[in-house]
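Colleague: So that we are looking at the same thing, I have put the structure below in structure tokens.
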Amino acid sequence: MRLRISNLSRAFDGETIVDKFSYSLEGDFFLTILGSSGCGKTTLLRMISGILKPDTGRVELQSKRLGFVFQDDRLIPWLNAFQNISIVSPESNPVEYLSFVGLKGHDSKYPSQLSGGMRRRLNIARALAFNPDLILMDEPFNSLDVVIKDRLIEDIQKIWTGKKISIIMVTHDPAEAARLSTDIILVQDKFSKVDEIKLGDPLRRSPDDMDLITRDLLSRMKKFSSFVH
Amino acid sequence: MLSSSRRKALAPIISVGLLLLGWFIASVIVSSDLLLPGPLETMDEFLRIVSSSRGWSDIAETCSKAFLGLFIALGLALSIGFFMGIIDILYELIKPIVVILQSIPIVSWLALAIFWWGVGFSSPVYIVFLTLFPVFTINVAEGVRNVDKKLVEMAKIYKIPKSRVFAKIYLASAFPFIVSSMRVGIGIMWKSVAVAEFMVGASGIGRAMSDAKYSINIERVFAYTLILVVLGILTERLLDMIIKRGSRYALKN
Ligand SMILES: Nc1ncnc2c1ncn2[C@@H]1O[C@H](COP(=O)(O)OP(=O)(O)OP(=O)(O)O)[C@@H](O)[C@H]1O
Ligand SMILES: [Mg+2]
């Protein structure tokens, strides 16, 4: 997978949100984007997916099949869990992906009959069932309980290694970033300044390394004035 | 003590019973079949109509005109309303025309119908169509505009084929709007088909009422009114059944 973002800018109602952002990455990466709330992370993912047109600059991407775990889930309210998956990938077996995210037996439930965390997992299952070569995940583990979150992180890491796909994840949690990422960017000042961190293969990372990375990320995040009030 | 569901089932029976009783008492007081036939006389005439082949052919005529007008209106409204819903400029352009159509009173169409479509089968069909088409079109357009743009964005990202996006997202979003306009529309449909037949029909319930009026057969007028009321209630029930079957589309789940 090759990702090349050059000079990307986007404003909403005259206010610049993403300001001349450039970044490139190659290989089977797991890129994590860390940044304060409202700094434009979702906006960046939407531009990468091609659904939002930038004002200037461009995104070059090889991806043929792109999955998206939406921050706001975006499940179709009048389709049940099974149908919400089969509508995006008719050739997949939704039951398999539902049990993968721990929603076995919930196939015929509608989104409103699922809890927040269950909806989030359905959102993740839908992205995986699409059989993507790149997944964009917008705070995918929010609102999940610790045990489920831990299992899902493990399983997603397995998918990432097994299927040779690339992932771009937005999160607020430096520990998640330290555990999963090959690359991390810390966003400040509307993407005009970013800290780029190259970590390499997360599978060769010891728990101690992860702790160190987490602490390093946290102190960097604190240094950015926008992270403290 | 009555359970609430039994109370619910009983309430309409009581209210209709009271209505019949009031009607009966009033007819006894007036005591003139010319001015106000009672429920028994009306029922008598009703049975006479529904046991004659002429009666049934009138009812069938009226139904076929009403439903023909309804289906043409619905079909056109679905296609035009859909494009109005997804293309803003079409909405801005067509909406004023539809609103004007909607504001034209039915008497204007009736006055023109004789010249434009003549006395016969087609005039009532046109009139049903003209009264329903604006209501349906506006509702389909509003329903489609009401679609959650975030779901449409999701569908684009996952490359869901256009036909499925239409059926599963746009049409499903518009479904509650379409249903409520159908409810209103079915009432309008029976009223406008009857009045059109009354004025410019060669056959059907409305025409039969007009004939009854000229022969001063007021029981007949009442009996045909009863038939229209029954048709209205039956179609309302039918619509409810269709909605239940289509409820996989409905938003409430
Ligand atoms: N469609 C839009 N119209 C107007 N303003 C928008 C739109 N989308 C985003 N914005 C603005 O852009 C800014 C960044 O929004 P974005 O959703 O990208 O932030 P974020 O980094 O994802 O935040 P969070 O961590 O809270 O999810 C916000 O100030 C938001 O108000
Ligand atoms: Mg966001």
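The values are calculated or read from the model by the stated rules, or taken from the named source; none is laboratory data. This is a predicted model, so every value here is computed, not measured. Counting neighbours? That spans all protein chains shown, and the Cβs are built from the backbone with ideal geometry, glycine included. The protein model used for the area step is the full one, side chains on, heavy atoms only, and it has no ligands, DNA or RNA in it. Shrake-Rupley method; radii C 1.70, N 1.55, O 1.52, S 1.80 Å.
Colleague: Among the numbered conditions (1) at the interface with chain A (Cβ under 9 Å from one of its Cβ atoms); (2) within 24 Å of the chain's Cα centre (by Cα), tell me where residue B:158 comes up short.
Modeller: The single condition residue B:158 does not satisfy is (2).
Colleague: Out of B:155, B:167, report the one residue that is in contact (Cβ under 8 Å) with a residue 12 or more places away in the chain and assigned to a helix (DSSP H, G or I).
Modeller: Working: B:167 fails: in contact (Cβ under 8 Å) with a residue 12 or more places away in the chain.
Residue meeting the stated conditions: B:155.
Colleague: Let me ask another. Is it the case that residue B:188 is hydrophobic (A, V, I, L, M, F, W, C) and either more than 13 Å from the chain's Cα centre (by Cα) or surrounded by 18 or more Cβ atoms within 10 Å (Cβ to Cβ) (or both)?
Modeller: Numbers: hydrophobic (A, V, I, L, M, F, W, C): yes; either more than 13 Å from the chain's Cα centre (by Cα) or surrounded by 18 or more Cβ atoms within 10 Å (Cβ to Cβ) (or both): no.
So residue B:188 does not fit the description; no.
Colleague: Still on this structure, please answer the following. Within region A:194-207, does at least one residue satisfy the condition of being over 22 Å from residue A:144 (Cβ atoms), assigned to a helix (DSSP H, G or I) and open to solvent by 20 Å² or more (accessible area, probe 1.4 Å)?
Modeller: For region A:194-207, residues over 22 Å from residue A:144 (Cβ atoms), assigned to a helix (DSSP H, G or I) and open to solvent by 20 Å² or more (accessible area, probe 1.4 Å): present.
Colleague: Going residue by residue through region A:111-122, is there one that turns out to be more than 9 Å from every other protein chain (Cβ to nearest Cβ) and closer than 19 Å to residue B:159 by Cα?
Modeller: For region A:111-122, residues more than 9 Å from every other protein chain (Cβ to nearest Cβ) and closer than 19 Å to residue B:159 by Cα: present.
Colleague: Quick test of your reading of the structure: residue A:33 fulfils all but one of (1) assigned to a strand (DSSP E or B); (2) away from ligand 2 (no atom under 16 Å from the Cβ). Name the failing condition by number.
Modeller: For residue A:33, the exception is condition (2).
Colleague: Quick one: which of A:137, A:118, A:169 is within 27 Å of residue B:164 (Cα to Cα), buried (at least 16 other Cβ atoms within 10 Å of the Cβ) and within 16 Å of ligand 1 (Cβ to nearest atom)? Steps first, answer last, please.
Modeller: Numbers: A:118 fails: within 16 Å of ligand 1 (Cβ to nearest atom); A:169 fails: within 27 Å of residue B:164 (Cα to Cα).
Result: A:137 is the single residue among A:137, A:118, A:169 that is within 27 Å of residue B:164 (Cα to Cα), buried (at least 16 other Cβ atoms within 10 Å of the Cβ) and within 16 Å of ligand 1 (Cβ to nearest atom).
Colleague: Would you point out the residue of region A:36-48, among those that are within 14 Å of chain B (Cβ to nearest Cβ) and among the hydroxyl-bearing types (Ser, Thr, Tyr), that is nearest to ligand 2 (Cβ to nearest atom)? Let's see the steps before the verdict.
Modeller: First, the residues of region A:36-48 that are within 14 Å of chain B (Cβ to nearest Cβ): A:42-43, A:45-48.
Narrowing the set further to residues that are among the hydroxyl-bearing types (Ser, Thr, Tyr) leaves A:42-43.
Numbers: A:42: 3, A:43: 8 Å.
Step by step, filter region A:36-48, then rank; the result is A:42.
Colleague: Which one of these does residue A:11 not meet: (1) assigned to a strand (DSSP E or B); (2) aliphatic (A, V, I, L, M); (3) within 15 Å of the chain's Cα centre (by Cα)?
Modeller: With (1) assigned to a strand (DSSP E or B); (2) aliphatic (A, V, I, L, M); (3) within 15 Å of the chain's Cα centre (by Cα) applied to residue A:11, the lone miss is (3).
Colleague: Got a number for residues in region A:84-110 being within 23 Å of the chain's Cα centre (by Cα), at the interface with chain B (Cβ under 9 Å from one of its Cβ atoms) and not β-branched (Val, Ile, Thr)?
Modeller: 1
Colleague: For region B:195-224, which residues satisfy the criterion of being over 13 Å from residue B:62 (Cβ atoms) and among the hydroxyl-bearing types (Ser, Thr, Tyr)? Let's see the steps before the verdict.
Modeller: Here is the first cut: in region B:195-224, the residues over 13 Å from residue B:62 (Cβ atoms) are B:199-200, B:211-223.
Once the filter is applied, which keeps residues that are over 13 Å from residue B:62 (Cβ atoms) and among the hydroxyl-bearing types (Ser, Thr, Tyr), region B:195-224 yields B:214, B:215.
Colleague: Which is over 30 Å from residue B:223 (Cβ atoms) and modelled with pLDDT of 90 or more, of B:55, B:81?
Modeller: Values: B:55 fails: over 30 Å from residue B:223 (Cβ atoms).
Sole residue among the options that is over 30 Å from residue B:223 (Cβ atoms) and modelled with pLDDT of 90 or more: B:81.
Colleague: Please go through region A:25-49 and pick out each residue that is away from ligand 1 (no atom under 11 Å from the Cβ) and either surrounded by 14 or more Cβ atoms within 10 Å (Cβ to Cβ) or modelled with pLDDT of 95 or more (or both). Steps first, please.
Modeller: In the first step, residues of region A:25-49 are kept if they are away from ligand 1 (no atom under 11 Å from the Cβ); the result is A:25-32, A:48-49.
Listed by number, the residues that qualify are A:25, A:28, A:29, A:30, A:31, A:32, A:48, A:49.
Colleague: Same structure, new question: Can you find, within region A:62-71, the residue that is nearest to the other protein chains (Cβ to nearest Cβ) among those that are in a loop (DSSP other than H, G, I, E, B) and in contact with a helix residue (DSSP H, G or I) (Cβ under 7 Å, 6 or more places away or on another chain)? Even if it seems obvious, please write down each step before you answer.
Modeller: Initial filter on region A:62-71 (in a loop (DSSP other than H, G, I, E, B)): A:62-65, A:70-71.
Remaining after also requiring in contact with a helix residue (DSSP H, G or I) (Cβ under 7 Å, 6 or more places away or on another chain): A:70-71.
Working: A:70: 7, A:71: 10 Å.
Across region A:62-71, the extreme among qualifying residues is A:70.
Colleague: Sort out for me the helices (runs of 4 or more DSSP H) sitting completely within region A:99-186 that have 2 or more residues that are closer than 20 Å to residue A:2 by Cβ.
Modeller: Values: elements: A:116-129, A:146-163, A:174-180.
Fully inside region A:99-186 and qualifying: A:146-163.
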